[in-house]
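Working notes, structure below.
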Amino acid sequence: MLGLGLGSCKSAEKAVFHTVRSNNSVALGRLPQLDAVVEPGPLNTTEGALPDDASKVFRQELSFHFAEPQPDTVKFGFAKLVVTQAEVQRTGRVLQAFQMLTLMTPSLLGMPLEWYRTNVKAEVQIINSKGEVIGTYAGTGRSKVRVAMYHGYSQTKAARLSDVQALRLALDQIRPQLDADADTLRKQLVSSGPLEEIIGQSAQSTDTTGVN
């Protein structure tokens, strides 16, 4: 009965990958094009986020908020996302037991079954074409997504959405920090040259340990 009831939950796809646009106080596209590197770390061990969710979210954030649009594909370094913490709590499960005892009747009236809460801590490192970290920015995101019929999500979708929303909220904190340093970062990235110039040197002589 629980499975049948949750078939009427909202779809999570649009909510998962809907671009969260910044407010007008945060400038967009003030850095040269950067290649995205993602280390999801503990986010890969939760029951919600899919293996490529963190990469998709960060690439979307990078292309919309960080890097300026350019007609070519020349990149001047890397933007590296590192998820350092991902903790998930499920609260309100007593309500779920009550719902089962009452044949899910409260759910039909809008009462939630439970909530997924995800706490994510993440860092974004800006790395120039020489592999040098020229800026590190940290943020924390805390999400709360409810499992409910009609006005909530299924358990599987709620878990995934909770993880993704927490990551987005962490990036929301990082964005204004990065924006404040954008002018300095841009000068440093441009002065180091594009990645193509470094790659063009002989026999993989470039030290890329700062990216790995």
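The values are calculated or read from the model by the stated rules, or taken from the named source; none is laboratory data. Quick caveat: nothing in here was measured; it's all calculated off a predicted structure. Positions of Cβ are generated from backbone atoms using ideal geometry, with glycine treated the same way; all protein chains shown enter the neighbour counts. What goes into the accessible areas is simple: the full protein's heavy atoms, side chains included, and nothing from ligands, DNA or RNA. Shrake-Rupley method; radii C 1.70, N 1.55, O 1.52, S 1.80 Å.
The requirement of being open to solvent by less than 30 Å² (accessible area, probe 1.4 Å), modelled with pLDDT of 90 or more and among the polar types (S, T, N, Q) is fulfilled somewhere in the range 27-50, by at least one residue. Among the residues of the range 152-175, are any open to solvent by 50 Å² or more (accessible area, probe 1.4 Å), modelled with pLDDT of 95 or more and closer than 16 Å to THR46 by Cβ? Checked the range 152-175: no residue is open to solvent by 50 Å² or more (accessible area, probe 1.4 Å), modelled with pLDDT of 95 or more and closer than 16 Å to THR46 by Cβ. Of all residues in the range 80-118, those satisfying the criterion of being of a type in the set (S, T, N, Q), open to solvent by 30 Å² or more (accessible area, probe 1.4 Å) and either within 14 Å of ILE174 (Cα to Cα) or modelled with pLDDT of 95 or more (or both) are THR84, GLN85.
Applying the condition of being farther than 15 Å from THR73 by Cα, open to solvent by less than 90 Å² (accessible area, probe 1.4 Å) and assigned to a loop (DSSP other than H, G, I, E, B) to the range 182-206 and asking which residue is modelled with the highest pLDDT yields GLY200.
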